[in-house]
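Before anything else, here's the structure in question.
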Amino acid sequence: MKKGKKYIESQKLIDRTKLYDADEALALVCKTASAKFDETVELHVKLGVDSRHADQQVRGAIVLPHGTGKTTRTLVFAKGDAAKAAEEAGSDFVGAEELVAKIQNENWFDYDVIIATPDMMGVIGRLGKVLGPKGLMPNPKAGTVTMDVAKAVKEAKAGKIEYRLDKQNIIHCAIGKASFGPEKLADNFNALMGAIIKAKPAAAKGQYIKTCALASTMGPGVKVNGAKLG
C-alpha cells in the first residue's frame, strides 16, 4: 500500500528501533496526527497469554478519566421500570422484542453499545451470530448485563470502553482523540493499562506485556517500553 506524503514525513520523527516511554510516545502520536479530522488515538497491546484457554482470558471494561472523545449511542433491552430508568438516563434507544426484530429484519446497527437486563438475555441470545462478530453482545464482565441500566447508560456515555483479547492475543482500544493532548491521553492510557495489568490471569506465565504500541488513525505506530508498565 502506497503511503501518503504526510505519513512519510511523520515516520521520520519516529525511531523505529526505539522503545519509548509512554509520555514520550503519546507526545509523538499527537505530533504525527496530521489529518484534517481529529484522529483517534489507539492502544495495541500483545499479551503473553493464550486466549484459547478459558483461564487465560483478559476482558473487562473501564470508564476512561477523559472519555473517548466520541458520542456513544446506547441501545437498552429492558421492560417496565428498568426501561423507564434507561430512558430517563438518556439512552438513545430502549425496547424489547420489537428491537430484536428490527435488528434481524432491517440489519439495524445505529448504536455503539447494547445494555440489557438479565431477563432479556434469552431474547437477545437469538442475535448472537449477528452481534457477536461486531463485539456488541451484552456481557456481565463488561457491565452491560445489569439491573442498574441507568448507571450502565451513564457510564457508556461518559466514555466507558471494553477491552478484550482478539485471536492473536492482542487488545486494541481507542484511548481518546489527538486533540486531547499528551497529558489527558496519558491519564486515559494509564487507567486502561492499569486495568489490563490488574486483569492478569493467574494462569499466565512469563512476560505478560509482550509488545505495546500507540498510533493515531492515519499516523505511524510508536512502540512503547512494556517493561516499564508492569
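The values are calculated or read from the model by the stated rules, or taken from the named source; none is laboratory data. Just so we're clear, the structure is a prediction, and the values are computed from it rather than from any experiment. Glycine gets a Cβ as well: all are built from the backbone with ideal geometry, and neighbour counts include every protein chain shown. Keep in mind that these areas ignore ligands, DNA and RNA; they rest on the heavy atoms of the full protein, side chains included. Shrake-Rupley method; radii C 1.70, N 1.55, O 1.52, S 1.80 Å.
Return one quarter of the surface area of the convex hull spanned by the alpha-carbon atoms of the chain, equal to its mean projected area, in nm².
Taking the Cα atoms of the chain, their convex hull projects to 14.0 nm² on average.
Return one number: the angle in degrees, 0 to 90 and rounded to the nearest 10, between the long axis of the Cα atoms of helix 149-158 and the longest principal axis of the Cα atoms of the chain.
30 degrees
Could you size up the charge dipole of segment 70-133 around its Cα centre, putting +1 on the beta carbon of Lys and Arg and -1 on that of Asp and Glu, and report it in debye to the nearest 20?
Rounded to the nearest 20 debye, it is 240 debye.
Whole-Hz Karplus ³J(HN,Hα) for segment 179-185, in order, using 6.51 cos²θ - 1.76 cosθ + 1.60 and θ = phi - 60°, x for Gly and Pro?
Rounded to whole hertz, the list is 5, 4, x, x, 5, 5, 5.
Dipole of segment 91-230, Cα-centred, from +1 at each Lys and Arg C-beta and -1 at each Asp and Glu C-beta, to the nearest 20 debye?
Using only the charged Cβ atoms, the result is roughly 800 debye.
So, one more: Among PHE180, PRO65, ALA86, whose Cα projects farthest towards the positive end of the dipole of the chain, with charges put on the beta-carbon of Lys, Arg (+1) and Asp, Glu (-1)?
So the residue furthest toward the plus end is PHE180.
What does the convex hull of the Cα atoms of segment 86-157 come to per residue, in Å³, rounded to a whole number?
Each residue corresponds to 85 Å³ of Cα convex hull volume.
Continuing with the same structure: Find the eigenvalues of the gyration tensor of the Cα atoms of segment 46-101, then list the square roots of 5 times those eigenvalues as equivalent ellipsoid semi-axes, largest first, in whole angstrom.
Its equivalent ellipsoid spans semi-axes of 31, 18, 10 Å.
Can you list residues from other chains, or at least 5 along the same chain, whose modelled amide H is less than 5 Å from the amide H of ILE115?
When sequence neighbours closer than 5 places are left aside, the close amide H contacts are LEU75, VAL76, PHE77.
With everything on Cα atoms, drop me the angle between helix 22-32 and the longest principal axis of the chain, reported from 0 to 90° to the nearest 10.
On a 0 to 90 degree scale, this one is about 90.
Looking at the chain only, what percent of DSSP beta bridges run antiparallel? Nearest 5 please.
70 percent
If you wrap a convex hull around the C-alpha atoms of segment 68-188 and split its volume per residue, what is the figure in Å³?
Per-residue hull volume (Cα only) is 118 Å³.
Moving on to the next point. Please list, in order along segment 187-200, the HN-Hα scalar couplings obtained from phi with the Karplus expression 6.51 cos²θ - 1.76 cosθ + 1.60 (θ = phi - 60°), rounded to whole Hz, x for Gly and Pro.
4, 5, 4, 5, 5, 5, 4, x, 5, 5, 5, 5, 7, 4
To the nearest 10 degrees, how steeply does helix 97-106 sit against the main Cα axis of the chain, on a 0 to 90 scale?
Tilt relative to the chain: about 60 degrees.
Which value, in Å² and to the nearest 10, is the accessible area of SER179 when all protein chains are kept and the probe is 1.4 Å?
80 Å²
Separate question: Pick out, in residue order, every one of the trypsin sites (Lys or Arg not before Pro) in segment 174-230 that is DSSP loop and has at most 14 other C-beta atoms within 10 Å; say none if there are none.
LYS205
So how many Lys-Lys pairs in segment 9-91 land under 23 Å Cα to Cα, not counting same-chain pairs under 8 apart?
6
Equivalent ellipsoid semi-axes for segment 1-130, as square roots of 5 times the alpha carbon gyration tensor eigenvalues: give them largest first, rounded to whole Å.
Over the Cα atoms of segment 1-130, the semi-axes work out to 39, 20, 16 Å.
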